[in-house]
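The values are calculated or read from the model by the stated rules, or taken from the named source; none is laboratory data. No experiment lies behind these values; they were computed from the predicted model shown. With ideal geometry, Cβ positions are generated from the backbone for all residues, glycine too; neighbour counts draw on all protein chains shown. Side chains included, ligands, DNA and RNA excluded: accessible areas come from the protein's heavy atoms. Shrake-Rupley method; radii C 1.70, N 1.55, O 1.52, S 1.80 Å.
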Amino acid sequence: MISEIWALTIREVKKWIREPILVFMMIIQPVIWLGLFGQAFNLTGLVQIPLSNLPPEITQQIGVIFNQTIGSIFGGTLDYFTYMAAGMLSVVILFTSMFSGMSVVWDRRFGFLNKLLVAPIARGSIVMAKVTSSVIRGLFQVALVFSIAFAFGLKAGNAFNVLDLLGVFAGLFLLSLGLSSFFIALTIRIKSWEAHMAVINLLNLPLMFASSALFPINMMPDWLQSIAKVNPISYASDLVRAFILHSSSVGLDVSRIALNFEVLIAFAVIFSFIGIVLAERGLRKG
Amino acid sequence: MAIIETKDLTKVFGKLIAVDHVSFAVEEGEIFGFLGPNGAGKTTTINMLTTLMNPTEGSAKVAGFDIVKDANKVRSLIGLVPQDLTVDEDLTGMENMMLQAMLYHVPKDVAKKRIEEVLRLVELEDAANRKVETYSGGMRKRLELAEGLIHYPKILFLDEPTLGLDVQTRTVIWDYIKKLKEERGMTIFMTTHYMEEADALCNRIAIIDYGKIRALGKPKELKDGIGGDVIELALFDNSKDFSEAIAKMPYVIDVKRKSETYKIKVAKGEEALPNIIEGILKMNLKVSTVSLIKPTLDQVYLEYTGRSLRENEGNREEVMRMMRNIRRARQ
Ligand SMILES: Nc1ncnc2c1ncn2[C@@H]1O[C@H](COP(=O)(O)OP(=O)(O)O)[C@@H](O)[C@H]1O
Ligand SMILES: [Mg+2]
């Protein structure tokens, strides 16, 4: 089964890297996101606009006060850009995982799926190959965004090391595994890409905003909080932040990391399982 | 021993009964042909036998395994060359073949040899390292065929395999399939629109229409079934009707005179012809023209489906469909 998954994953990856425009989009997209979100939510910047005709000393002072306020809301030394960039990694995973089911739609359309269905391979490996390639794509993009975010001024704690980096990737791997399986399971019977896009468009923004990826949960209205608290993206964002904030003075918040990992592992396992189970009936022709 | 056996195999789509309580058996090592007009239910039958669809009713065993309960065992023993193309456009021919070999668990070194062999056969060795999106429709079809052969299946299902291929390629491919069949005792279940092909290649043929099997047998039996050979004969002397005299000759079953031509139904055309001519000469008559007409599968087909296969032969709809498929894939 592993060799089947692997061979099919290679196929996906080959298809993907041969499409230069796709690779280019994957690089450019996170840059735009970071720039856009970084600017749009840069509250200091927003405040400066109406006060721009005041003397610069005063503007600067207000700016400092503002950043302190944000710091107190977001906790400790964390500035908003770092907060947002850390959450953005989970959003990147969301936005790549969403399309895991899309290639099933195309394979069904072009008949390639039939080839897989008459072959003596487990149906689950067809689904898991889609999930695996989606995970690879997601983590690849995460690596890009993470480097770009550093260039843009993401401030990690002074004790942030390779192990923390591995922790970040492990957490995002689990999130991607779960989300890719979730989306594939959700759209497995959908035959047209238009309908598939509709499902994605319905879910992407709510999933992103109803999480702690871009805003702290305690800043949200109650109803949104209750959604954000069950949203795996919140747990992944929190996990990533816990690793990024690793500083010599505070150390790692082990219990927080453990809790987030537990939730993410459960999420990934449950939805991969559902994906594999649904594959048998879901991929079937007609 | 029957290697494929169906019992009341049925597939219903909504209100449409695409395959209607079909029962037949295919013997090991034979080439079994499925013939019928568009929409007759040929592809649907293949889809069920190859485990792509579950039957609504009835059952079937392929190589002794139930197509529903032991689907994966069935899959490992069969090969399918589907009607619609399933090769991956974005990969090269070679990559498609390697992937196929992997899907059927053919070891890499064995796969390499076989791929070389089958690619040469379908004359794609030069194009092997090009992306399939640069292939013509015929090349894609040939690649599809090559893929179906790579794991030397026990039973090969061919759904309109040579549709859209030129005569030369068709001949080469059939020669190879015949060779495979003989060397490896492969059983072949196929559908085709090329009557000559079915006639020359199939050991037995089933004619299917509206989801039901209308006739089944050896091509010769089917042809004999609609009334044997006919000798058409004209004499120089048209003053009299000699029908009665001819009817008394050996082999003759029935004689009809239509204007100046006698239509003589006979049991064995080749043997009857010289006898009849001799008989006529003995009556001191002279034959002006004579021809032996053997029934074609075409006529059999017409008889059972009420449609001529000739009308279907270019089979515009199928070709259009294939073109559509290719165009869609190219976008
Ligand atoms: N998936 C499907 N859903 C609904 N109807 C179908 C489906 N597949 C085939 N049919 C219908 O079943 C009938 C038989 O189709 P098919 O087996 O493809 O015919 P053939 O291969 O003999 O041309 C046709 O009327 C076709 O429209
Ligand atoms: Mg068909």
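Under Stokes-Einstein, with the Kirkwood radius over Cα pairs as Rh, the value for the stretch B:227-294 at 25 °C and 0.890 mPa s is 211 µm²/s. Once both labels are positioned 7 Å from their Cα atoms along Cα-to-Cβ, the gap between B:Val68 and A:Phe160 label points is 5.8 nm. Within the accessible area of the protein assembly as shown, the carbon and sulfur atoms contribute 60%, probe 1.4 Å, all protein chains present.
Do any residues of the stretch A:80-125 show a loss of at least 40 square angstrom of accessible area between the isolated chain and the full protein assembly, using a 1.4 Å probe, and if so which? So the qualifying set is A:Arg109, A:Phe110, A:Phe112, A:Lys115, A:Val118, A:Pro120.
Computed over protein heavy atoms with a 1.4 Å probe, the accessible surface of the stretch A:151-211 works out to 45 Å² per residue.
Ignoring ligands, DNA and RNA, how much accessible area is buried between chains B and A, both sides summed, with a 1.4 Å probe, to the nearest 100 Å²?
On the way: alone 16580 and 14220 Å², together 28280 Å².
Counting both chains, the buried surface is close to 2500 Å².
Per residue, the accessible area of the stretch B:227-294 comes to 61 Å² when a 1.4 Å probe rolls over the protein heavy atoms. For the stretch B:44-61, a reduction of at least 50 Å² in accessible area between the chain on its own and the assembled protein chains (probe 1.4 Å) is found at B:Leu52. Taking each residue as 0.36 nm, the span from B:Asp8 to B:Glu278 lengthens on full extension beyond its C-alpha to C-alpha distance by 92.0 nm.
When both the stretch A:153-221 and the stretch B:235-302 are represented by their alpha-carbon centers, they are found 84 Å apart.
The calculated FRET efficiency for the pair B:Tyr152 and B:Asp109, based on their C-beta separation and a Förster distance of 22 Å, comes to about 0.90.
Dipole of the stretch B:139-257, Cα-centred, from +1 at each Lys and Arg C-beta and -1 at each Asp and Glu C-beta, to the nearest 20 debye? Could you put the intermediate results ahead of the total?
Values: 19 positive and 20 negative charges, 79 e Å.
My answer is approximately 380 debye.
Quick one: if the Förster radius is 22 Å, what FRET efficiency do A:Arg284 and A:Trp106 give, using the C-beta to C-beta distance and rounding to 0.05? Spell out each step's value before the answer.
Details: r = 17 Å, r/R0 = 0.78.
Computed FRET efficiency for A:Arg284 and A:Trp106 comes out at 0.80.
Rounded to the nearest Hz, the phi-derived 3J(HN,Hα) couplings of the stretch B:114-124 under the Karplus curve 6.51 cos²θ - 1.76 cosθ + 1.60 (θ = phi - 60°) are 5, 4, 4, 4, 6, 5, 5, 4, 8, 6, 10, where x marks glycine and proline. Legend: residues in the stretch B:103-127 shielded by at least 30 square angstrom of accessible surface upon adding the remaining protein chains to the isolated chain (1.4 Å probe, heavy atoms) are B:Leu103, B:Tyr104, B:His105.
Placing a label point 7 Å from the Cα of A:Val254 along the Cα-to-Cβ direction, the residues of the stretch A:164-192 whose backbone N falls under 18 Å of that point are A:164-165, A:167-168.
Looking only at the protein assembly as shown, where both bridge partners belong to it, what percent of the DSSP beta bridges are antiparallel (to the nearest 5)?
Details: 39 of 56 bridges.
In the protein assembly as shown, DSSP labels about 70 percent of beta bridges as antiparallel.
Neighbours of B:Pro107 by Cβ distance under 12 Å: Lys/Arg scored +1, Asp/Glu scored -1, total +3. Out of all DSSP beta bridges in chain B, what portion is antiparallel? Express it as a percent rounded to 5. Around 70 percent of the beta bridges assigned by DSSP in chain B are antiparallel ones.
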